[in-house]
1. Which one of these does G132 not meet: (1) surrounded by 14 or more Cβ atoms within 10 Å (Cβ to Cβ); (2) small (G, A, S); (3) on the phi > 0 side of the Ramachandran plot?
2. Looking at S70, is it more than 20 Å from A41 (Cβ to Cβ), among the hydroxyl-bearing types (S, T, Y) and free of Cβ contacts under 8 Å to residues at least 60 places away in the same chain?
3. Can you tell me how many residues within the stretch 127-165 are of a type in the set (V, I, T), in contact with a strand residue (DSSP E or B) (Cβ under 8 Å, 6 or more places away or on another chain) and outside any strand (DSSP E or B)?
4. Considering the stretch 114-126 alone, what residues qualify as being surrounded by fewer than 16 Cβ atoms within 10 Å (Cβ to Cβ) and either touching a strand residue (DSSP E or B) at 6+ places or on another chain (Cβ under 9 Å) or assigned to a helix (DSSP H, G or I) (or both)?
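What follows is calculated from the coordinates using simple rules that are stated; it is not laboratory data. Treat the numbers as computed from the prediction; the structure is a model and nothing was measured. Because the Cβ atoms are built from the backbone with ideal geometry, glycine has one as well, and the counts that use them run over all protein chains shown.
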Amino acid sequence: MRRRADVRLIRLVVVLIAVGWVANAWGQAGANWDRVKAVDAGTAIRVKGERGRPFECELVQVDDAQLICSKTRTILFFPVTDRREFRRGQVREVRLTKRLLSGVAGAAIGIGAGVGLGYAVENQATRNEDPGLLQFVFGLLGGLVGEAIGQGSDFLGGPVIYRVP
């Protein structure tokens, strides 16, 4: 009987900790522009404006009235810089990016899927030449594709530092 009470107490404590953690996470993102001003220049961010489409860039400058960021990409071996200025009223959300972490997670998912697919194809083969070769090749290709998709989509995303309610 005492053991059930202990288990219930442990469950209650875990639930309360989880609720407190979620409440804290929800409370961090809000309409506090000072959090955006505290971000260092050169930090990779994602800005969602009035039109709703997010723009990934590096922070250049933030003041009370606007946010300036730039994105440099290479087109035919020439660097092209796209600099955008957002008025404070235009900004709906600012979040940090985790492109590297998203790329690693995408690569891991791709490797797992590729190895699994290679194993399935290899088991269907009538001859068993070069065992494990298809698993290796499909795993390598899956990892490359997964890394590209992960970095391109930034599916893990970073924490929201500013959001207009």
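1. (1)
2. no
3. Residues that pass the stated criteria total 1.
4. Passing the criteria: G116, Y119, A120, V121, N123, Q124.
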